[in-house]
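Heads up: the structure comes next, in C-alpha cells.
The values are calculated or read from the model by the stated rules, or taken from the named source; none is laboratory data. None of the values given here were measured: they were computed from a predicted structure. Here the Cβ is made from the backbone with ideal geometry for all residues, glycine too, and neighbour counts use every protein chain on show. The area values use the complete protein model at the heavy-atom level, side chains included, leaving out ligands, DNA and RNA. Shrake-Rupley method; radii C 1.70, N 1.55, O 1.52, S 1.80 Å.
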Amino acid sequence: MAEAMKGWKRTHRCGELSAANAGENVTVMGWVQKQRNKGGIIFVDLRDRSGLLQIIFEEGDCGGENFAKAERMRSEFVVAVVGTVERRAGAVNENLATGEIEIRARETRILSEAETPPFPIEADSKTKEELRLKYRYLDLRRPDLQRNLMLRSAITANIRRFLTEEGFLEIETPILGKSTPEGARDYLVPSRVHPGTFYGLPQSPQLFKQLLMCSGYDRYFQIAKCFRDEDLRADRQPEFTQVDMELSFVDVEDVIDVNERLLQFVCREAIGLEIQLPLPRIRWIDAMNRYGSDKPDTRFGMELRDVSETVAGCGFGVFASALENGGSVRGINAKGQGAMPRKKIDALVEMARGYGAKGLAYLCIAEDGSFKSSFSKFMAQEELDRLVAAMEGERGDLLLFAADKDQIVWSVLGALRLELGRQMGWIDENRFDFLWVTEFPLLEWDEEEKRFVAIHHPFTMPMDEDLQYLDTDPGRIRAKAYDIVLNGVELGGGSVRIFQNHIQEKMFEILGFEKEEAYNRFGFLLNAFKYGVPPHAGLAYGLDRLVMLLVHGDSIRDVMAFPKIKDASCLLTNAPDVVDQAQLKELGIMTAVTESPEA
C-alpha cells in the first residue's frame with residue numbers, strides 16, 4: 001500500500017552523500033534499483049538522477065514494520081528512507097561514487113509501488129530501441145541517459161551565461177509564421193480563423209533575427225525550436241533545437257571570434273575539455289580536394305590525391321573518359337591494407353556505386369612489390385609506377401581510385417575514407433577536432449530546374465572580391481559563409497548577410513525570382529531593408545548534435561528526452577494520429593489518404 005510523504009523532506013540526493021557525511025541523519029528518496037535479502041539483513045540500492053546509494057535494513061535497528069517494508073520492495077518502487085550515514089563495514093565499492101558509505105535505515109515509507117518493467121533499467125541497455133522508446137519514461141531513468149540530459153542542461157545554461165555576458169539579448173521569435181520553404185519541406189499548421197490558409201513552422205528563425213538587426217537590437221540569441229519535414233537519420237530529427245544568434249556591425253572575423261570563445265567556454269565548463277584557440281580553418285575547395293567532404297573528419301589522415309595529370313593519356317578508358325568530360329581522377333591510399341580480401345574490396349566497390357560512381361578502381365601492392373589491380377592490364381608498367389609514386393604507395397598498401405565529375409569523385413572517396421577509417425580503427429574516438437570551413441560556393445546549378453540555387457540561403461553575402469562576377473559568372477562566386485565542424489559533423493553554420501538592396505535584387509534575379517515573387521515570399525524583410533539596415537551576420541548551432549558529440553553518442557536520440565523514430569513518429573504517444581472529424585470540419589479540411597505500396 002502506497003504511503004504519503006506526511007511532511008518528510010528530502011535532505012540529500014543519493015549521489016550527494018560521501019564519507020564526509022558520516023554520522024549525519026538524512027532523508028533520501030528515489031527508485032529501488034535492486035533489493036538483496038540476506039535473511040536478517042536487507043540491502044537496497046536506491047537510485048535517483050545523481051546516482052546510487054546503498055541502504056541497509058537490519059530488523060533489530062529499524063523495527064519489524066520497516067523491515068517488512070524492505071522485504072516488499074521490488075525494482076522501481078519509489079521509497080523514502082530516514083537513516084544515518086555510516087562508513088561501510090564491508091568492502092568499499094570502488095565503482096560507485098558513494099561506495100564508501102551506506103545508510104542505516106530507521107524509518108521507511110513506500111511512496112509508490114511498481115509493476116515489473118518491460119526491460120532492465122541499466123546503463124548501456126541492450127534492449128531494442130523500439131521497445132525503449134515505447135516506454136521512454138522508463139528508458140529516461142537509465143543513468144547514462146540521465147547524465148546526457150543533465151549535461152545538455154548544463155551546456156544550455158553555460159551558453160546563456162556566456163552570450164549574456166557578451167552583450168547578447170535573448171529574444172523569442174514566432175513558432176507560427178509564414179511558409180517560406182528553403183530546401184526542406186515546411187510543417188504546415190491550418191488556420192481556423194483564416195480558412196484555407198496555413199502557418200509554417202520555422203525551419204530556423206532566419207528572417208526574424210534579421211528583422212531584429214533592422215530593429216537595432218545589435219546582438220540577439222535564442223535557444224530555438226525548429227522544424228523540418230525531411231527524412232530522418234542519426235543526427236537529424238523533425239524537430240530540433242538551435243542555438244541561434246545574429247550580430248550587427250560585424251564581419252566574418254567577429255562572428256568566428258565570439259563563437260570560438262563560446263565553444264572554448266562551454267567545453268571547459270561542461271566536460272573539462274580545453275580547446276586551443278584559434279581553431280584551424282580550411283577553405284571549402286581545399287576541404288573537398290583533401291577530404292572529399294565539406295565537413296571533414298580530421299582525426300586521421302588518408303587524404304585524397306588528385307592524379308589526373310599523372311594518368312592523362314594512359315590507356316585505361318575509364319580514366320581517359322572522365323578527364324575528357326571535364327572530370328578528375330583521384331585516389332586514397334589505405335596504408336597497410338594491400339592484403340585486403342577480394343570480398344571486402346567488392347563491398348567497397350558496391351558502396352562506391354551507392355554514391356553515384358560507375359565503379360571503383362583498385363591497386364594492391366604486395367609485400368614483394370608486385371601489383372594486383374582491376375586495371376593494370378590497360379596501363380603500361382611505367383604508367384603504373386608513376387601512379388603508385390604519385391599516391392606515395394608502398395609495399396602492403398591498397399590504392400583506391402574514382403574517376404568521374406568532381407562532385408561524384410569527392411562524394412565517393414570521402415565516404416570510402418570514413419568507412420575505412422572506422423573499419424581499421426584509425427579514428428581516435430577520444431579526440432575532439434574542431435574546424436572552420438570557409439569560402440563556400442554561393443550558388444550551385446540545379447540540373448532539374450535549370451537554374452542556380454542558393455547553397456545556404458538567398459540572403460548570403462558574396463565575398464567582396466567576387467562581386468564582379470554577379471553578372472558574368474555567378475557560379476564562380478564564393479560566399480561569406482562559414483561552418484563549424486567537429487569530428488566530421490557539421491555543428492553549425494552561418495554567413496554574413498546581404499544588406500544592400502542592389503545586391504539583394506541581383507541575387508534574386510540570379511536565382512530566377514521575379515521581383516513580385518521575391519516580395520511575395522520575403523516582402524516583410526525586403527520592406528524593412530528600405531528603412532536603414534546595418535551590416536549583420538549570424539550563425540546557428542545544432543544543440544542536439546553538439547551534446548551528442550560531447551557525450552560520444554551515436555545518435556541525437558541519445559540526448560533528446562522524447563525523440564521520434566525513422567518515420568518521424570513517436571512510439572510513446574503514437575503521434576501523428578488521426579483527429580476527430582469535427583476538428584477537421586472546423587478547419588475546412590478534407591483528407592485523402594493514399595495507401596502505401598506495401599499495403
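Structural remarks
- Residues in region 323-332 include none that are in contact with a Phe, Trp or Tyr (Cβ under 8 Å, 6 or more places away or on another chain), among the small types (G, A, S) and assigned to a loop (DSSP other than H, G, I, E, B).
- Residue in region 351-359 that is within 16 Å of L413 (Cα to Cα), open to solvent by less than 20 Å² (accessible area, probe 1.4 Å) and part of a loop (DSSP other than H, G, I, E, B) present: yes
- Only one of F452, F401, F432, F440 that is open to solvent by less than 60 Å² (accessible area, probe 1.4 Å), over 25 Å from the mean Cα position of the chain (by Cα), of a type in the set (F, W, Y) and at pLDDT 95 or above: F401
- Verdict on I121 being in a strand (DSSP E or B) and either open to solvent by 80 Å² or more (accessible area, probe 1.4 Å) or at negative phi (or both): no
- Lone qualifier among A224, A184, A154 - being surrounded by fewer than 16 Cβ atoms within 10 Å (Cβ to Cβ), of a type in the set (G, A, S) and under 15 Å from Q242 (Cβ atoms): A184
- Restricting region 249-290 to residues that are closer than 28 Å to A415 by Cβ and assigned to a helix (DSSP H, G or I), the residue that is most open to solvent (accessible area, probe 1.4 Å): R290
- Counting only strands (runs of 3 or more DSSP E) wholly contained in region 393-480, the ones carrying 3 or more residues that are more than 30 Å from D257 (Cβ to Cβ) occupy 398-404, 451-454.
- In summary, strands (runs of 3 or more DSSP E) completely within region 144-247 and bearing 2 or more residues that are under 21 Å from the mean Cα position of the chain (by Cα) occur at 219-227.
- Filter pass, E517 being among the acidic types (D, E) and either surrounded by 14 or more Cβ atoms within 10 Å (Cβ to Cβ) or under 32 Å from the mean Cα position of the chain (by Cα) (or both): no
- Output for region 314-355, where each listed residue is touching a helix residue (DSSP H, G or I) at 6+ places or on another chain (Cβ under 7 Å) and under 18 Å from W426 (Cβ atoms): I332, A334, L348, M351
- Residue within region 558-573 that is open to solvent by 70 Å² or more (accessible area, probe 1.4 Å), at pLDDT 90 or above and among the β-branched types (V, I, T) present: yes
- A80 satisfies every condition listed in (1) open to solvent by less than 30 Å² (accessible area, probe 1.4 Å); (2) under 16 Å from E102 (Cβ atoms) except (2).
- Among the residues of region 121-143, the ones that are free of Cβ contacts under 8 Å to residues at least 24 places away in the same chain and farther than 21 Å from C570 by Cβ come to 4 in all.
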